[in-house]
């Protein structure tokens, strides 16, 4: 199973968001961890997107996917 953390920020351009994704997070990651990191990113003002700076946390969470191979790998 693959796992990703995603964090969505609003930008200076109304209606435009910016999404960060991080692959293979620790199993123990919590809502507080994600919020603290997102707030740190905002406080550092380190990202400038094509829609302007990041201005607020909109959403965040964990995506889990399961993959099923239907065609066996060719050896």
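How high is the FRET efficiency between residue 47 and residue 2 when r is their beta carbon distance and R₀ equals 25 Å, given to the nearest 0.05?
FRET efficiency, residue 47 to residue 2: 0.50.
Based on the alpha-carbon gyration tensor of segment 27-75 and its eigenvalue square roots a ≥ b ≥ c, which shape applies: rounded if a/c is under 1.5, prolate if not and a/b is larger than b/c, or oblate?
prolate
Roughly how tilted is helix 31-44, in degrees to the nearest 10 and between 0 and 90, from the longest Cα axis of the chain?
50 degrees
How high is the relative contact order of the chain, in percent, counting Cα pairs under 8 Å that sit 6 or more residues apart?
Relative contact order comes out at 46 percent.
At 222 nm, what value in deg cm²/dmol follows for the chain if DSSP H runs of at least 4 each add -39500 (n - 2.57) and the sum is divided by all its residues, to the nearest 500?
-6000 deg cm²/dmol, from helical runs alone.
Quick note: the coordinates plus some simple rules give every number you see, no bench work behind them. From a predicted model like this one, the values you see are computed outputs, not experimental measurements. Note that we place each Cβ from the backbone using ideal geometry, even for glycine, and neighbour counts take in every protein chain shown.
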